[in-house]
Every structure is written in structure tokens, then in C-alpha cells.
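*Asks:* Just dropping this structure here.
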Amino acid sequence: MGDKRRAQLTLICGLFGILGACSDAGGSDQGTDGDQGWSDPVVLSRSLDRPTALGQDRFVLYVANEQGLVQLVPKDGGKVTAVAESFGLAADLVVDGDDIYWLDATWGRVWTISVAGGGPSLMAITQDRPRRLAVDESYLYRIDDGGAVIRLSRAEELPQTLSTGHLDLGDLCLDDKRVYFTDRQAGQVLAVPLIGGPVHYLALAQTQPEGIAVDQLRIYWTTATAVMSLAIDEPDTEPEPEVVADQLSTPGWLTAAGGYLYWSSTTDGTVVRVPKTGGSVEVIATGQDQPGALVVDSSAVYWLNHGTAAGTGTVQQAEYHFAEPTD
């Protein structure tokens, strides 16, 4: 195989940590060449008023703020466009196929709008502040300040409570069988079947578990000072969670992409990643102004800087650069 072709495979596989599955790509020399590594952060949109939620489609980002304004931000840095406004704090936002969904924590509402345009539709009203959101083909799942995990049909059926009575829910994620979620105050990582059923306690005595993510083999979550993981094939029989990275500064929003885990920290203003299997923590960006929600695609990481005052929020991007092959 020629050097150029090999470099192309390395680019595709290396960013997501899957070089082991690309046998003809050879070993990775990521980080050994001065021309490789993360670009300096680029501001895609500035002067935002306290952005809080972020979702992505192939070519665009959707950003929502504390006033419920949803805006479209092109990934190439083009014109920012208003999409909708719900007039309450947007706690989370998810883009799924042809639709955008977001939570209004101020008024306890769940909203949706088509990516093709039109007006927003109100899907649900709740008495408790909805906090985080996940979706699959048929349902929306949310957690709220009342300590409940709720399933809401896209077909406008009545909501179903999957679990309740928790103290301080932090985040949730899905696979094709379960909803996984964290309880910060109780120090627990839990799971419940998508269709309802008994709650499984996967990890106890965790210190402020919050962000959570899942892949086909394991679940991952943040604590006050670490990122942890646990096999999920037989969650009730796993003896102990494993440490992926520790001695961290309050890792927050957690995203799994390919072979890596990405998170942001408002405490030290960083955006960071680490291999899922553990290893060296790689700092993508420093000096950020209260970084929060983040998403990842095949070539870049995007995140929100909430900002310390009105009008100081930004949407940031960092791209991974690979060295050009030598003929």
C-alpha cells in the first residue's frame, strides 16, 4: 500500500481510536509529529447570551440558551440563523433525523421542531424542571429535578415513569436495552429497562457521579475527580468499576466517540479526551470560559463556552490535524 493511501486510512481510523481494526493501516504515530495534533480553538459563533445546550447534524450545530432561543450554527463558520424560541432555559437539546428536541427547564416543557423549518410544537408539560434528554426511534427519555426518569412517546401517548424517588439526577444515556443514569447526591450509577422494570444499581459509593455515556461493551461516567467505566454485558455481576482517568478537575459533560471519551471542565476551563481503555489524558483546549456541552464528529470537537456574563458565550471548534505523507 502506498504512503498516501496509508495516511488516508490512518486519518479515518486514528481519530476514533480504531487502528487495531484497520490492519493495513499500520501503527499510529499520533502525537509524535509536530504537524499532528489539535488545532487551536476556532470561534464559530460569538457574543452568545449564555448558551446551555448543543446538538449536531452533519453540517450544522444547533445551540440553545437560557432564554430558550435555538440557533443554527454552520460547522464551516457561516451565518448564524434563529430557528425557534421557547422563552425558558434550554437544559438540553438533541437532533435526531429530521427533528430537533429540547427541554425548557424554566416552564417544564418538551419542545420539537423540524430541521426543515416551521414552528415549534409542544410535546409535553411537566411539574418538575426537566434536566437531560436522550432519544431513540420511538421515544424521548428525560430526567428531572423531581428525581424521576420519564419515557415520552413521539406519538403523543401519555408519559411513562420508568423510575422515581432519586435524590439528584445528573445525566442519562441509552443503549438498545436500558436507560443508564447517575444520581449525584446518592453516589449511584443505575439502569432501568427501556420498557420499564426493576432498577439495577450498577455502581455505589461514587463521588458526585454526573456525565454518563455508553457503547456496545461498557458504560462510562464522571465523578468529582475521575472518569470510570463498567462492563454492561452482565451489569449485576461486575465486581468493581474501573478507573479510566483520575486526578481530574471536576470533569463534566461526557461524550463517547469511537475509541475515546471527551469531556469539558468548568473548573479549569479545559476540553479533554482519553482512550476508553485508559492512558494519557490529551488536552484539546485550555483557557475556555466555562465550557459545557460538547459534541464530536469525524474530524472535530465542538463545545459551548457558557461565558461569565451575558453576551460572552461562544461556540468553539478544534480540529485534529494529521501530518501530510511524504512522497
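*Asks:* Please go through region 121-144 and pick out each residue that is assigned to a loop (DSSP other than H, G, I, E, B) and free of Cβ contacts under 8 Å to residues at least 24 places away in the same chain.
*Replies:* Restricting attention to region 121-144, the residues satisfying the condition of being assigned to a loop (DSSP other than H, G, I, E, B) are 126-129, 136-138.
Selection gives Gln127, Asp128, Glu137, Ser138.
*Asks:* Do we have any residue at all in region 165-172 that's among the hydrophobic types (A, V, I, L, M, F, W, C) and crowded, with 19+ Cβ neighbours inside 10 Å? Steps first, answer last, please.
*Replies:* Of the residues in region 165-172, the ones among the hydrophobic types (A, V, I, L, M, F, W, C) are 167, 169, 172.
In the following step, the residues that additionally are crowded, with 19+ Cβ neighbours inside 10 Å were identified as 169, 172.
So far as region 165-172 goes, yes, one or more of its residues are among the hydrophobic types (A, V, I, L, M, F, W, C) and crowded, with 19+ Cβ neighbours inside 10 Å.
*Asks:* Take region 282-300 and flag every residue that is without any contact (Cβ under 8 Å) to a residue 60 or more places away in the chain and under 21 Å from Pro74 (Cβ atoms).
*Replies:* Pro291, Val296
*Asks:* Looking only at region 81-107, count every residue that is within 22 Å of the chain's Cα centre (by Cα) and without any contact (Cβ under 8 Å) to a residue 24 or more places away in the chain and tell me the total.
*Replies:* Here the count works out to 4.
*Asks:* Examine region 175-182 for a residue that is among the polar types (S, T, N, Q) and either in contact with a helix residue (DSSP H, G or I) (Cβ under 8 Å, 6 or more places away or on another chain) or surrounded by fewer than 19 Cβ atoms within 10 Å (Cβ to Cβ) (or both), and state whether such a residue exists.
*Replies:* Taking region 175-182 first, the residues among the polar types (S, T, N, Q) are 182.
With the extra rule that they be either in contact with a helix residue (DSSP H, G or I) (Cβ under 8 Å, 6 or more places away or on another chain) or surrounded by fewer than 19 Cβ atoms within 10 Å (Cβ to Cβ) (or both), the set shrinks to none.
So far as region 175-182 goes, no, none of its residues is among the polar types (S, T, N, Q) and either in contact with a helix residue (DSSP H, G or I) (Cβ under 8 Å, 6 or more places away or on another chain) or surrounded by fewer than 19 Cβ atoms within 10 Å (Cβ to Cβ) (or both).
*Asks:* Which one of Val315, Val274, Val283, Val244 is assigned to a strand (DSSP E or B), closer than 23 Å to Ala90 by Cβ and at pLDDT 95 or above?
*Replies:* On the way: Val274 fails: closer than 23 Å to Ala90 by Cβ; Val283 fails: closer than 23 Å to Ala90 by Cβ; Val244 fails: closer than 23 Å to Ala90 by Cβ.
From the options Val315, Val274, Val283, Val244, the qualifying one is Val315.
*Asks:* May I ask you to list the residues in region 116-126 that are crowded, with 16+ Cβ neighbours inside 10 Å and at pLDDT below 95?
*Replies:* Step one: of region 116-126, the residues crowded, with 16+ Cβ neighbours inside 10 Å are 120, 123-124, 126.
Listed by number, the residues that qualify are Met123, Ala124, Thr126.
*Asks:* Collect the residues in region 72-92 that are of a type outside the set (Asp, Glu), touching a Gly at 6+ places or on another chain (Cβ under 6 Å) and surrounded by 14 or more Cβ atoms within 10 Å (Cβ to Cβ), keeping them in residue-number order. Talk me through it step by step, then tell me what you get.
*Replies:* Our first condition is that a residue be of a type outside the set (Asp, Glu); within region 72-92, this holds for 72-75, 77-84, 86-91.
After this cut, where a residue has to be touching a Gly at 6+ places or on another chain (Cβ under 6 Å) as well, the list is 86-88, 90.
If the condition is that a residue be of a type outside the set (Asp, Glu), touching a Gly at 6+ places or on another chain (Cβ under 6 Å) and surrounded by 14 or more Cβ atoms within 10 Å (Cβ to Cβ), then Ser86, Gly88, Ala90 are the ones that fit.
*Asks:* Any idea which of (1) more than 17 Å from the chain's Cα centre (by Cα); (2) on the phi > 0 side of the Ramachandran plot is the one Gly258 doesn't satisfy?
*Replies:* Of (1) more than 17 Å from the chain's Cα centre (by Cα); (2) on the phi > 0 side of the Ramachandran plot, only one is false for Gly258: (1).
*Asks:* Looking at region 88-107 only, could you name the residues that are part of a strand (DSSP E or B) and over 14 Å from Asp144 (Cα atoms)? Talk me through it step by step, then tell me what you get.
*Replies:* Our first condition is that a residue be part of a strand (DSSP E or B); within region 88-107, this holds for 90-96, 99-104.
Correct list: Leu93, Val94, Val95, Asp96, Asp99, Ile100, Tyr101.
*Asks:* (1) modelled with pLDDT of 95 or more; (2) farther than 27 Å from Gln185 by Cβ; (3) loosely packed, with under 15 Cβ neighbours inside 10 Å: which one isn't true of Ser138, the others all being true?
*Replies:* Among (1) modelled with pLDDT of 95 or more; (2) farther than 27 Å from Gln185 by Cβ; (3) loosely packed, with under 15 Cβ neighbours inside 10 Å, the lone unmet condition for Ser138 is (1).
*Asks:* A follow-up question, please. Could you grab me the full set of residues in region 51-68 that are surrounded by 19 or more Cβ atoms within 10 Å (Cβ to Cβ) and either more than 18 Å from the chain's Cα centre (by Cα) or over 26 Å from Ala124 (Cβ atoms) (or both)?
*Replies:* Glu66, Gly68
*Asks:* Tell me, which residue of region 183-203 that is free of Cβ contacts under 8 Å to residues at least 40 places away in the same chain and farther than 19 Å from Leu254 by Cβ is surrounded by the most Cβ atoms within 10 Å (Cβ to Cβ)? Steps first, please.
*Replies:* We begin by selecting, within region 183-203, every residue free of Cβ contacts under 8 Å to residues at least 40 places away in the same chain; these are 183-188, 190, 193, 195, 197-203.
Restricting the remaining residues to those that are farther than 19 Å from Leu254 by Cβ gives 193, 195, 197-201.
On the way: Pro193: 14, Ile195: 11, Gly197: 11, Pro198: 8, Val199: 18, His200: 15, Tyr201: 13.
Within region 183-203, the match that is surrounded by the most Cβ atoms within 10 Å (Cβ to Cβ) is Val199.
*Asks:* So Ser264 ticks every box in (1) at pLDDT below 95; (2) in a strand (DSSP E or B); (3) not acidic (Asp, Glu) but one. Which box is left unticked?
*Replies:* (1) is the only condition that Ser264 fails.
The values are calculated or read from the model by the stated rules, or taken from the named source; none is laboratory data. Everything numeric in this text was worked out from a predicted model, so none of it was measured. Note: ideal-geometry Cβ built from the backbone for every residue, glycine included; neighbour counts use all protein chains shown.
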